[in-house]
Every structure is written in structure tokens, then in C-alpha cells.
Amino acid sequence: MPEHDPALLEVVAGEQARIRAILNAPEARHAGNYAVQLALGTDMPAAKAIALLKAFAPTPHNFLAEAMGHLPNPGIAPDSNMESAEGVILAAEIAAGFNRLTRRKDTK
């Protein structure tokens, strides 16, 4: 077996560690090809690549806030009677709006 230059082995091990750190970072979980490109297509340090992935991570979408955003506050008190026709209609409108946003077909 040929002997390898220890300095070269150190460089290779360092590069492998950098690639592994980028690809195994939690921030890379949903980054797909971007994480691969940063790991294999650049010489960017792992910490900077991970910070970049974190900066461009998708933000969670709040479907309920979006569905409720256009509706006025119904002013229903905790002890209100939701059996009234107005309460049932309002509840159905809210559920329908939420289901449209989340692509649900029914509420069952």
C-alpha cells in the first residue's frame, strides 16, 4: 500500500468533515439541492453555509391566521349559545375558509 502525505490526508479529512457538517445540519433537511451545492460546489466554511441555509429556510405557514384574517371578530363570549343560527353559520364559514386554504374537501 503506498504511503500518503499526512498533510494531504489532513486536508481531505477536513473537507469531508465540512461536507458532512453541511449535509447533516438540521437546516439542510428541507434545503435539498441547495445544501448539496453549498457542500460540494463551493469551498464555503460549514458554519457560513449552514447560516445561509438557515437564513433562507421556509417559514411555517399559519393557515388558521390566514383563514381568519378576513373575518371580523364575532364577539362570542365563552358562555354564549352557539346553537343559534348565526353562530352555526359563522362556524361553518370559518371551517369552510380553513378547509379551502388547507385543501380539505370536508370537515368529517
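Look at the Cα gyration tensor of the stretch 6-55: its axes a ≥ b ≥ c give a/c of at least 1.5 with a/b over b/c, and that counts as prolate.
Applying a DSSP loop filter and a limit of 14 other Cβ atoms within 10 Å to the trypsin sites (Lys or Arg not before Pro) in the stretch 17-60 leaves Arg29.
Ranked by how many other Cβ atoms sit within 10 Å of their own Cβ, fewest first, the residues Ile94, Ile22 fall in the order Ile94, Ile22. Here Asn24 and Ile94 are evaluated by their C-beta separation; at R0 = 30 Å the FRET efficiency comes out at 0.10.
Every read-out reported here was derived from the displayed coordinates using simple, explicitly stated rules and does not represent laboratory data. These numbers come from a predicted model, not from an experiment. All Cβ positions, glycine included, derive from the backbone under ideal geometry; neighbour counts span all protein chains shown.
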